[in-house]
Amino acid sequence: MPIAEVIDSARNQGRTVLTEIESKQILAEAGIPVAVAQLAKTADEAAKFAENAGFPAVLKIVSPEITHKSDIGGVKVGLDSADEVKKAFDEIVAAAKKAEPKARIEGVAVQKMAPAGTEVIVGMSKDPQFGPVLMFGLGGIFVEVLKDVAFRIVPLEARDARQMVREIKGFPVLEGIRGQPAADLAALEGLILKLSEFVEAHPEIEELDLNPVFAYADGVIAVDARIVIS
Ligand code: ADP
Ligand code: MG
């Protein structure tokens, strides 16, 4: 779906926070690698989508009021059959209702489970003085506890992306340590540059979070995405 249509439909519903599904639709349209997700309204529909996408599947709650999906039991990974998917659908909806009784539940996002990779995050926020700023870091404790991240003002040049991935303290993790494979640095730099172009072309985007992106020896893929519009 074209970017403008996704944004208009969210605005018409009075929302500035796009769902994971909407965010990924827009990003895929812009040529950014994402684990595409489909919105299932029923357990049977979820099973059908998973069968089409291929197992193992991942299911996640879709609700405008729930941003940290796994915190409330709203994410299930490694689902290997239609039956597991149906059961997970019911469990996720029940968990969401219990944790956030007032939340509107749109359904459950169904996507293929991506193989494990090195987890990184890429984000954009707007600085009142400098405008859009991109952030890059390693996922999990590296960003949450150690605040090991790099920032650059949009628009970025190839050199900026190169420096960003190399200047974080955790860079050796990307180079491959302790038997972990090296991450595809060129693909990471390409992702950062594409995001820079994307946010520059779309000033209506106020915030963007790809958390996490899985980095492989060959390629990268964003498995979670969140976009906030003005
Ligand atoms: P939230 O950040 O809202 O809790 P995520 O979508 O980031 O939810 O999912 C939580 C975790 O589940 C991710 O950090 C990732 O490890 C895993 N995950 C999510 N989607 C996928 C996917 N498509 N393939 C593989 N793992 C996934
Ligand atoms: Mg996430």
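Computed values, structure above
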item: Single condition residue 184 does not satisfy, out of (1) among the acidic types (Asp, Glu); (2) within 29 Å of residue 230 (Cβ to Cβ); (3) modelled with pLDDT of 95 or more; result: (2)
item: Qualifying position, being within 15 Å of residue 108 (Cβ to Cβ) and touching a helix residue (DSSP H, G or I) at 6+ places or on another chain (Cβ under 8 Å), among 10, 35; result: 35
item: Leading residue by the ranking (most open to solvent (accessible area, probe 1.4 Å)) among those in region 182-230 that are within 13 Å of ligand 2 (Cβ to nearest atom) and of a type in the set (D, E, K, R); result: 226
item: Helices (runs of 4 or more DSSP H) lying entirely in region 1-108 (those with 1 or more residues that are touching an Asp or Glu at 6+ places or on another chain (Cβ under 9 Å) and either under 21 Å from residue 121 (Cα atoms) or among the basic types (Lys, Arg) (or both)); result: 20-29, 82-99
item: Subset of region 149-192 (residues that are in contact with a helix residue (DSSP H, G or I) (Cβ under 9 Å, 6 or more places away or on another chain), farther than 21 Å from residue 131 by Cβ and assigned to a helix (DSSP H, G or I)); result: 162, 165, 166, 171, 173, 174, 175, 185, 188, 189, 190
item: Filter result (among the hydroxyl-bearing types (Ser, Thr, Tyr) and surrounded by fewer than 18 Cβ atoms within 10 Å (Cβ to Cβ)) within region 46-100; result: 67, 70, 81
item: Criterion violated by residue 144 - all others in (1) free of Cβ contacts under 8 Å to residues at least 12 places away in the same chain; (2) open to solvent by 80 Å² or more (accessible area, probe 1.4 Å); (3) more than 17 Å from the chain's Cα centre (by Cα) satisfied; result: (3)
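The values are calculated or read from the model by the stated rules, or taken from the named source; none is laboratory data. Bear in mind that the values here come from a model prediction, so they are computed numbers and not experimental data. Methodologically, a virtual Cβ is constructed for each residue, glycine included, from the backbone with ideal geometry; neighbour enumeration extends over all protein chains shown. Surface areas here come from the heavy atoms of the whole protein model, side chains and all, with no ligands, DNA or RNA. Shrake-Rupley method; radii C 1.70, N 1.55, O 1.52, S 1.80 Å.
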